[in-house]
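J.: Dumping the structure here so I can ask a few things about it.
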Amino acid sequence: MATTPSISTAARAKYEPIIGLEVHVQLLTASKIFCSCSTQFGAPPNTNVCPVCLGLPGALPVLNRKVVEFATLAAMALQCRINETSIFSRKNYFYPDLPKGYQISQFDKPLAELGFLVIQSANGPKRIGITRLHVEEDAGKSLHEGFAGAADSTAIDLNRSGVPLIEIVSEPDIATADEAYQYLTALKEIILYTGVSDCNMEEGSLRCDANVSVRPVGQEKFGTKAEVKNVNSFRFIKEAIEYEIERQIEVIESGGKVAQETRLYNSVEGKTYSMRSKEQAHDYRYFPEPDLLPLVVDEKWQAEIRATLPELPEARRQRMVTEYGITPQDAAVLTETRALADQFESAAKAAKNPKRVANLVQSELMGRLKAKGLDIEHSPVSMAGVAASADLVESGAISGKMLKDLYNLCFERGQDFLQVYDEAGRPEQSRDTSALEKIIEEVMAANPKQLEQYRAGKKTVIAFFVGQVMKASKGQANPQMVNELLARKLATKLNS
């Protein structure tokens with residue numbers, strides 16, 4: 001939890017935050033952007049390397065076509081304008097894990113520009129602009145873990161050098177830490193739907209830097225910004241932004257000036273700390289990459305890529321509400337991932353009542369999956385099993401309690417619903433009227449106090465009797481039949 005500085009509500013109300021996010025997304029290609037080396041994560045250090053990604057003299061880059069297709073697909077999903085011609089540039093700077101002494105990126109002529117996505121802010125839907133989406137190569141990685149017996153030594157792993165990235169730069173349209181969280185959540189969801197990245201933050205497939213400044217309310221000029229880097233979860237990004245807003249207001253209110261700098265977030269302490277000054281803009285001496293031709297994504301190629309664009313989350317939610325009669329809240333849960341949405345739709349189309357399928361997925365399936373630490377792809381109960389169970393409940397063949405018991409067995413045994421249902425002898429709710437009447441008589445005889453309450457006009461007591469009958473029948477009775485028989489029996493008692 002962020003440990004924010006203590007400033008008064010009145011002081012906080014005098015300022016408005018301005019937040020922009022820079023998100024780097026690793027593309028899910030099998031090989032790197034300019035060579036055929038593997039992008040496999042977790043390989044032994046410096047094994048997925050070649051003269052190109054090692055930056056050896058005379059090695060020439062060759063652009064990976066799949067990188068362009070994935071980057072363009074992501075740009076289209078984010079409503080960006082695709083520039084038919086874009087230019088690769090050299091971004092020159094020294095860092096130990098950058099063997100060439102420059103990074104191949106894009107500068108003034110990026111692949112795509114002027115996109116947007118819509119978030120649900122505290123005041124309703126809000127459009128957040130996307131300035132640009134460009135393609136670049138990743139750098140290597142410094143390992144500060146201690147080597148050769150020296151606790152303070154550093155080693156370089158260049159496996160990540162040359163892994164393809166897209167950088168997505170937002171407009172400074174984000175006004176709160178919560179809006180930043182919503183933006184990142186929506187962005188990740190869209191990217192995952194396209195399939196161009198796995199967005200695994202633990203493996204560095206998605207990384208975010210936040211630019212944060214504050215200014216007096218009503219002032220047009222932006223305040224001095226601080227960049228918060230290397231935060232490894234959306235929750236921590238939100239906390240870091242919250243802290244940074246409060247810190248900057250406290251600095252200004254105490255008569256100081258906010259320094260333009262790069263800061264790191266300590267999630268244990270809930271504070272940001274200065275990493276390095278950025279008083280002047282870094283001069284990267286960009287110039288066009290002489291070893292790569294301009295990238296041309298013409299109308300024909302764009303049309304081919306657009307044809308592979310899947311139905312995106314928000315459009316899918318709206319269609320599912322209309323098509324299956326489920327609530328917007330149900331649709332939001334069921335479209336959290338493309339796999340879950342696909343699975344639900346396959347079951348909804350097979351079942352008699354899609355709304356019941358939606359309820360079962362959320363009430364019976366997802367909770368058990370979460371408790372077991374499983375994702376939908378590894379669920380013992382398939383969506384065909386969910387559809388079958390929904391139909392059995394819909395027809396009255398099994399009760400809600402019976403369904404819960406059967407689902408519990410599915411997860412205990414790791415078996416699908418229909419297999420467990422068959423092995424249990426295909427149990428059904430009791431529809432034996434005489435047996436149910438006998439149980440009802442016994443329940444009423446055992447509960448004279450509640451019977452008197454019913455006679456005195458407390459009609460809600462019928463729920464108590466229903467519960468007792470279901471308990472006595474061990475959940476085998478049909479609830480609708482129980483209600484009908486109880487109503488008749490109690491009416492008889494009332495008139496006797």
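J.: Calculate, in nm to one decimal, what residue 62 and residue 285 gain on full extension: separation in residues at 0.36 nm each, minus their alpha carbon distance.
T.: Details: separation 223, 0.36 × 223 = 80.28 nm, distance 2.27 nm.
That works out to 78.0 nm of additional length.
J.: Also, I was wondering about something else. Classify region 66-190: rounded, prolate or oblate, from the alpha-carbon gyration tensor (a ≥ b ≥ c, eigenvalue square roots; a/c under 1.5 rounded; otherwise prolate if a/b is larger than b/c)?
T.: Working: a/c = 2.77, a/b = 1.54, b/c = 1.80.
Oblate.
J.: Okay, moving on. Take the cross-link list 14/257; 91/221; 14/221; 100/238 and give me the ones stretching past 24 Å between alpha-carbons.
T.: Cα-Cα > 24 Å for 91/221; 100/238; rest within.
J.: Rounded if a/c is under 1.5, else prolate if a/b is larger than b/c, else oblate: which is the chain, with a ≥ b ≥ c the root eigenvalues of its Cα gyration tensor?
T.: On the way: a/c = 2.61, a/b = 1.95, b/c = 1.34.
Because a/c hits 1.5 or more and a/b exceeds b/c, the chain counts as prolate.
J.: Please report Rg over Rh for region 1-154, where both radii come from the alpha carbon positions and Rh follows the Kirkwood definition. Don't jump to the answer; show the numbers that get you there.
T.: On the way: Rg = 20.5 Å, Rh = 19.1 Å.
Ratio of gyration radius to Kirkwood radius for region 1-154: 1.07.
J.: Output ³J(HN,Hα) for region 130-138: one whole-Hz value per residue in order, computed from phi by the Karplus curve 6.51 cos²θ - 1.76 cosθ + 1.60 with θ = phi - 60°, and x for Gly and Pro.
T.: 3J(HN,Hα) across region 130-138, in whole Hz: 10, 5, 7, 10, 10, 9, 7, 9, 7.
J.: For a Förster distance of 45 Å, can you work out the FRET efficiency between the beta-carbons of residue 491 and residue 350, rounded to the nearest 0.05?
T.: Working: r = 41 Å, r/R0 = 0.92.
Efficiency computed from Cβ-Cβ geometry: 0.65.
J.: Given 10 °C and 1.306 mPa s, compute D for region 9-300 with the Stokes-Einstein relation, Rh being the Kirkwood radius over Cα pairs; round to the nearest whole µm²/s. Please report the intermediate quantities before stating the final value.
T.: Working: Rh = 20.3 Å.
For the chosen part, D equals 78 µm²/s.
J.: Modelling each spin label as a point 7 Å along the Cα-to-Cβ direction, I'd like the residue 337/residue 94 distance in nm, to one decimal.
T.: 4.6
J.: Could you calculate the contour length gain from residue 452 to residue 307, that is, 0.36 nm times the residue separation minus the distance between their Cα atoms, to one decimal place in nm?
T.: On the way: separation 145, 0.36 × 145 = 52.20 nm, distance 7.01 nm.
Here the segment from residue 452 to residue 307 would lengthen by 45.2 nm.
J.: Residue 329 to residue 235: FRET efficiency via 1/(1 + (r/R0)^6), r the Cβ-Cβ distance, R0 22 Å, to the nearest 0.05? Before the final figure, lay out the partial values.
T.: Numbers: r = 22 Å, r/R0 = 1.01.
It comes to 0.50.
J.: May I pose another question? Please list 259-272, 98-111, 23-36 highest first by mean number of surrounding beta-carbon atoms within 10 Å per residue. Walk me through the intermediate numbers first.
T.: Numbers: 259-272: 16.0, 98-111: 18.9, 23-36: 20.7.
Ranking the peptides 259-272, 98-111, 23-36 by packing returns 23-36, 98-111, 259-272.
J.: Ok, one more. If neighbour count is taken as other Cβ atoms inside 10 Å, put 144, 134 in order from fewest to most. Mind dumping the intermediate values first?
T.: Working: 144 10, 134 25.
Result, fewest neighbours first: 144, 134.
J.: Next up: Sticking with the crude label model, points 7 Å out along Cα→Cβ, report the distance from residue 445 to residue 178 in nm, one decimal please.
T.: Simple spin-label model gives 6.0 nm for this pair.
J.: Would you list 128, 241, 376 from fewest to most Cβ contacts within 10 Å? If you can, show how the numbers build up before the last one.
T.: Details: 128 25, 241 28, 376 19.
Ordered by Cβ neighbours within 10 Å, fewest first: 376, 128, 241.
J.: Let me ask something else. About the Cα centre of region 313-423, how large is the charge dipole given +1 on each Lys and Arg Cβ and -1 on each Asp and Glu Cβ? Please answer in debye to the nearest 20.
T.: On the way: 14 positive and 16 negative charges, 57 e Å.
With Lys and Arg at +1 and Asp and Glu at -1, about 280 debye.
J.: Among the lysines, which have Cα under 24 Å from the Cα of residue 349 when same-chain residues fewer than 8 positions away are ignored?
T.: Straight-distance partners of residue 349: 404.
J.: At a 10 Å Cβ-Cβ cut-off, how would you order 15, 183, fewest neighbours first? Mind showing how you got there, number by number?
T.: Details: 15 21, 183 25.
By the 10 Å Cβ count, ascending: 15, 183.
J.: I would also like to ask the following. Starting at the first residue of region 159-176, write each ³J(HN,Hα) from the Karplus equation 6.51 cos²θ - 1.76 cosθ + 1.60 with θ = phi - 60°, in whole Hz, x for Gly and Pro.
T.: Along region 159-176, the couplings run 4, 7, 4, x, 5, x, 10, 10, 10, 10, 10, 7, 6, x, 9, 8, 10, 9 Hz.
J.: What are the ³J(HN,Hα) values, in whole Hz, obtained from phi via the Karplus relation 6.51 cos²θ - 1.76 cosθ + 1.60 with θ = phi - 60°, for each residue of region 63-75 in sequence order, with x given for Gly and Pro?
T.: Running phi through 6.51 cos²θ - 1.76 cosθ + 1.60 with θ = phi - 60° gives 5, 7, 4, 5, 4, 5, 5, 5, 5, 5, 4, 4, 4 Hz.
J.: For every helix of n ≥ 4 consecutive DSSP H residues, a contribution of -39,500 (n - 2.57) applies; sum these over the chain, divide by its total residues, and give [θ] at 222 nm rounded to the nearest 500 deg cm²/dmol. Numbers along the way, then the final one.
T.: Values: 17 runs with 194 residues, N = 496.
About -12000 deg cm²/dmol.
J.: How big is the charge dipole of region 119-260 about its Cα centre, in debye rounded to the nearest 20, if each Lys and Arg gets +1 on its Cβ and each Asp and Glu gets -1 on its Cβ?
T.: Numbers: 15 positive and 24 negative charges, 80 e Å.
Value, rounded to 20: 380 debye.
J.: For residue 109, enumerate residues with amide H under 5 Å from its amide H, sequence gap 5+ or separate chain, H modeled in the peptide plane.
T.: 87
J.: Turning to a different aspect of this structure: Determine the dipole magnitude for the chain: charges of +1 sit on the beta-carbon of Lys and Arg, -1 on that of Asp and Glu, nothing else is charged, the reference point is the Cα centre, and the result goes in debye to the nearest 20. Don't skip to the answer; put the middle values down first.
T.: Details: 58 positive and 64 negative charges, 320 e Å.
Charge dipole of the chain: 1540 debye, to the nearest 20.
J.: Put +1 on the Cβ of each Lys and Arg and -1 on the Cβ of each Asp and Glu in the chain; which of 381, 240, 205 then has its Cα farthest toward the positive end of the dipole?
T.: Highest projection toward the positive end goes to 381.
Quick note: the coordinates plus some simple rules give every number you see, no bench work behind them. All figures in this text were calculated on a predicted structure; none of them were measured in a lab. Note that each Cβ is placed from the backbone with ideal geometry, even for glycine, and that neighbours are counted across all protein chains shown.
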